[in-house]
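Below: the structure, in structure tokens.
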Amino acid sequence: MLSFNILVSICLIYVIILFMVAALAEQRAQKNKLSFLHSPIVYTLSISVYCTAWTFYGAVGSAARNGLEFFAIYLGPTLVFIGWWWFLRKLVRIGNTQRITSIADLISSRYGKSNLLAVVVTLLAVIGTTPYIALQLQSLTLSFAVFTQKNANAPSSAITALFIAFGLAAFTVVFGTRNLDANERHHGVITAIALEAIVKLIALLSVGIFVVWFVADGPTEVLANAERMLPKTTGVFTPRWVTLTFLSGAAIICLPRMFQVIVIENDAEKHLATASWAFPLYLFLMCLFVVPIAATGLEILPEGSNPDLFVLTIPLAMGQEAIAALAFLGGFSSATSMVIVAAIALSTMVSNHIVLPLWLRRVQARSPESDDVRSILLRSRRISIVGILGLGYLYYQFTGGTSALASIGLIAFLGVAQVLPALSFGLFWRNATRTGALAGIMVGFTIWAYTLFLPSFDGSFILTNDIMENGLWGLSILRPHALFGINIPDPLVHAVFWSLFLNLFAFVTLSLMTTPKPLENLQALQFTNVFGMSSQRHMPSSISTSEDLFVLAQRIVGRTRAARLFEQKAKEQGKPHGLPDPTSEFIITLEREFAGSVGAATAHAMMAQISGRETVSVEELIAVADETAQVMEYSARLEKQSTELAETAKELRRANNKLTKLSQQKDDFLSQVSHELRTPMTSIRSFSAILMNDGEIDREQFARFSSIINDESQRLTRILDDILDLSFLESGKVKLNLQVKNMGEMLEQSITASSTSYDMSNVDIRLSKKFHDVKLLTDADRLTQVFINLISNAIKYNNKPKPIIKIDLAETPDYITAIISDNGPGISEGDREIIFEKFSKLSSGGAASGVGLGLSICAEIMRNLGGNISFKPSDSGATFEVKIPKKTDNHDAR
Amino acid sequence: MTEKQSFDAMNKKSRGSRKKRDIALILPIIGIILLLTPVLKSFAVGDEASSLTSVMLIIFGVWAGLIAAAFLLSRALISEIRNK
């Protein structure tokens, strides 16, 4: 038989190993060597804190008493985890983005950072968890007692439990309150928990293998035994089975310690992907040998042995002390890991949601900046841990050994499951309100206490036997196990049904009846839409100064971290030194950062206190309302873009047509120009050949021939001059010869110049008198060139017996416009677009000479002068408008 | 042509990830149907005497199947998380 001292030594060595592992992990975490600590395996193993001593020992006991029912406790979590993509992932994402510190914080944060809600959930969690901690103490002392029952010197169970409670409190205080930021991972604790998870799995598997292959004769015999020994009355697929599965699924989300390891200690969503199959696998392995152990225990151990301790007593009965010791360590691990994590989770809740708000209220009268929030928080967290364990111990002392404790696991499950409606609906339903959540939780909690928790004391606490029999105040519809006279045989199914049903009913009804506050609305949007949100953009407008904020930050997150935070922010704002500006965005970040330490409600209250306001800004309200507007705006933008695209396509098509036409013109022009150049060249060549070879040419002929040669050369020169002139103008290198000149004189000069080339005898030119009053600073020669061209064209193409040309004036503050119109044939619609293009020969003007450069030269000149020339369609004839700036700078018009 | 191909590929990819997400929803529903309703009990072989063994084997079988499916699914979905 293992002596008590050896057992205690084993425990102490194990605890020292745990301490070392935790310390090592903390050390590595501080040096940022986190590769192992960050692995999804550690995360998955830490989730196995779900398997407490209640499951480690109790599953076998449950199998021995109730058959296969115990499976339900593991199948619920399995279903939740394989559906991780839809629920747990959202929960973890919200936990990370909102810097959630506990389940109470999550609920409070979702419903407008309400501290009242946080307090209610915290109390609920404490009431639900304390008996659970007592249960762990009980199973630990029971398992100690197995080894010490024949030892007279061994301490009593009360002393053992006290020592255990002390040890656990010490460990939790040392490793659980190292960082103030509850949102950061507790690397040390988590690594130790992961190690404990491995130990309990190995322990249970070893006992199982030992039982199946060494005590019994292999699986066949074990199964035959099981068939014979285990009860079949309470089986699977019954209402109780469904209830248990549902309850355990709810527990894996709502239990404070599960929330702690799944959501708060998670640092990468992809770890959840691994846990989605690895954690069910872990549970699967934990269950594998439960039935064989139970069946064998019933077979070989004397009648009346406690089936809860079969895991220990079978190896002991077979004389296998090593296996028994391993099994003991497994149970020890299960109990301690649960207590440690639960204590951390609860102490965070108590200190953030109860102690700190009370303290804040107390010091509000004094200058709050002078106190150190950090030390207050750390101290309150440590005291809470000791307090919670003390509470568990007291509970154990009062009820220990009674059967009441054995069923407390499921009772605790249902207690914390009361937050499930508020939590799960809060993630998906935007209209859930604070009032609804509060009402639902309160109603559910009351019914839970009345129908399940208080009756579990068997009439010894508040509810008397009389009330149990006849209902409160003798009203039979209020009987705790048959509410409203509806008889559901199983009290657990009864309590689950009524508490959650009425909880949900109150929650939904009141949510629909009340209107959420703006802040609630805002948080609801952020929670339900966590995957769609890019980042926080709702901002409280700032009133506070950076100094105040810095002081506050130092108090909450510590001197170094606050300094680092502010420095980084200042750098982001482009300030090399000094404090950053208190922009809204900065304040949001800061509040988040604080929330990681003190919870959302307190952080919000503190920021509100320092900035002196608590209302939600207009921007925030707009942001809430904006959601629909954004969608609409987006579709409107799309529509606009498609219209723009259609417009562009149309323009492109037009440009393409123009290009095709222009290229055609160019081809035409090239052949034209070759032709034009070829004709004078031919005549020059032939006449000069005659002059050269024919010696007997008379004087008159000589004069005629040489005059032809002269004319033709002049024509050649003119064509070449035009081309040169145009390319010169186009290149923009023209030097303008600016001078002040009277416009009337310019126009008269132009008319005179035109009349030298054309017969003007019957042409009527009506020049407006106003031109003589206008003086311009411009390049007169170039401008005259434009007028000559236009007037000559008007005469040249006019086919009327009496051509009329009108030249009128229009004036704006900056521009003078000369309007030159005639009564000629005009310009056909198709040609209007190209008349100013180079080399254009109009389809209608075939007879006239020229190579189609005149108007494009005019356009280029006007561009160089800073004005323009345009064609205005009119009923009769053609109208050109020449727009000249009153002052021309000698600038490059391009 | 290449543009159209890349368009098709993109379409296929998004449809693929949508399907994966749908499977993620269907898997727990299948689990609930198989584990919480007596659907499987009707397939249990053997008479009343061996009911405990067969029911236990059914539960373990379904459980193992769900774990395997969750394993495959998580490998498919982990790329979705990385993509974001």
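Some points to look at:
Here is a yes/no grid of residues against (1) under 26 Å from the mean Cα position of the chain (by Cα); (2) within 30 Å of A:GLY426 (Cβ to Cβ):
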residue: A:GLU26; (1), (2): no, no
residue: A:VAL49; (1), (2): no, yes
residue: A:TYR57; (1), (2): no, no
residue: A:ALA63; (1), (2): no, no
residue: A:GLY67; (1), (2): no, no
residue: A:ALA72; (1), (2): no, yes
residue: A:VAL80; (1), (2): yes, yes
residue: A:TRP85; (1), (2): yes, yes
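- Close pairs (7 angstrom Cβ cut-off, 6 or more residues apart or separate chains): closer than 30 Å to A:ARG228 by Cβ and part of a helix (DSSP H, G or I) in the range B:27-52, at pLDDT below 75 and open to solvent by 50 Å² or more (accessible area, probe 1.4 Å) anywhere: B:SER51/A:LYS232; B:LEU52/A:LYS232
- Criterion (polar (S, T, N, Q), away from every other protein chain (no Cβ under 14 Å) and over 23 Å from the mean Cα position of the chain (by Cα)) met by exactly one of A:GLN98, A:GLN136: A:GLN136
- Here A:LEU346 does not fit the description of being more than 35 Å from the chain's Cα centre (by Cα) and at pLDDT 85 or above.
- In the condition set (1) part of a helix (DSSP H, G or I); (2) crowded, with 16+ Cβ neighbours inside 10 Å, A:LYS741 is compliant with all but (1).
- Output for the range A:286-305, where each listed residue is farther than 28 Å from A:ALA197 by Cβ and assigned to a helix (DSSP H, G or I): A:LEU298, A:GLU299, A:ILE300
- In the range A:744-771, residue most open to solvent (accessible area, probe 1.4 Å) [restricted to those that are over 27 Å from A:GLU676 (Cα atoms) and among the charged types (D, E, K, R)]: A:LYS769
- Some residue of the range A:310-333 being under 30 Å from A:LEU12 (Cβ atoms), within 14 Å of chain B (Cβ to nearest Cβ), assigned to a helix (DSSP H, G or I) and modelled with pLDDT of 85 or more: no
- Conditions (1) open to solvent by less than 80 Å² (accessible area, probe 1.4 Å); (2) closer than 29 Å to A:ASP781 by Cα; (3) modelled with pLDDT under 85; number of the one not met by A:ILE697: (2)
- Residue in the range A:442-454 that is over 20 Å from A:LEU117 (Cβ atoms), open to solvent by 10 Å² or more (accessible area, probe 1.4 Å), of a type outside the set (Phe, Trp, Tyr) and in a helix (DSSP H, G or I) present: yes
- Considering (1) more than 8 Å from every other protein chain (Cβ to nearest Cβ); (2) at pLDDT 65 or above, the lone condition that B:PHE43 does not fulfil carries the number (2).
- The test for being part of a helix (DSSP H, G or I), touching a helix residue (DSSP H, G or I) at 6+ places or on another chain (Cβ under 9 Å) and without any contact (Cβ under 8 Å) to a residue 60 or more places away in the chain does not hold for A:MET692.
- Unmet criterion (only one of (1) in a helix (DSSP H, G or I); (2) among the charged types (D, E, K, R); (3) modelled with pLDDT under 70; (4) out of contact with any Asp or Glu (no Cβ under 7 Å at 6 or more places or on another chain)) for A:ARG555: (4)
- Of the listed requirements (1) of a type outside the set (A, V, I, L, M, F, W, C); (2) at pLDDT below 80; (3) within 19 Å of A:LEU116 (Cα to Cα), A:THR399 misses just one: (3).
- Qualifying helices (runs of 4 or more DSSP H) (wholly inside the range A:186-262; at least 3 residues being at pLDDT below 85 and buried (at least 19 other Cβ atoms within 10 Å of the Cβ)): A:187-209, A:219-229
- For the range A:637-689, a residue qualifies if it is more than 30 Å from A:LEU716 (Cβ to Cβ) and touching a residue at least 40 places away in the same chain (Cβ under 8 Å), and exactly one does: A:LYS658.
- Here A:ILE293, A:ILE264, A:ILE253 are screened, and the one residue that is over 30 Å from A:LEU492 (Cα atoms), away from chain B (no Cβ under 13 Å) and in contact (Cβ under 8 Å) with a residue 60 or more places away in the chain is A:ILE264.
- Residue check for A:ILE804: crowded, with 17+ Cβ neighbours inside 10 Å, over 60 Å from the mean Cα position of the chain (by Cα) and over 13 Å from A:VAL882 (Cα atoms): yes
Conditions (1) at pLDDT below 80; (2) open to solvent by less than 90 Å² (accessible area, probe 1.4 Å); (3) more than 9 Å from chain A (Cβ to nearest Cβ), marked per residue:
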{"residue": "B:LYS4", "(1), (2), (3)": "yes, no, yes"}
{"residue": "B:ALA69", "(1), (2), (3)": "no, yes, no"}
{"residue": "B:SER79", "(1), (2), (3)": "yes, yes, yes"}
{"residue": "B:LYS84", "(1), (2), (3)": "yes, no, no"}
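- Test: A:LEU783 is crowded, with 21+ Cβ neighbours inside 10 Å and in contact with a strand residue (DSSP E or B) (Cβ under 9 Å, 6 or more places away or on another chain): yes
The values are calculated or read from the model by the stated rules, or taken from the named source; none is laboratory data. As the structure is a prediction and not an experimental result, all values here were calculated from the model. Cβ atoms come from the backbone with ideal geometry, glycine included; neighbour counts cover every protein chain shown. The accessibility values were calculated without ligands, DNA or RNA, using every heavy atom of the protein model including side chains. Shrake-Rupley method; radii C 1.70, N 1.55, O 1.52, S 1.80 Å.
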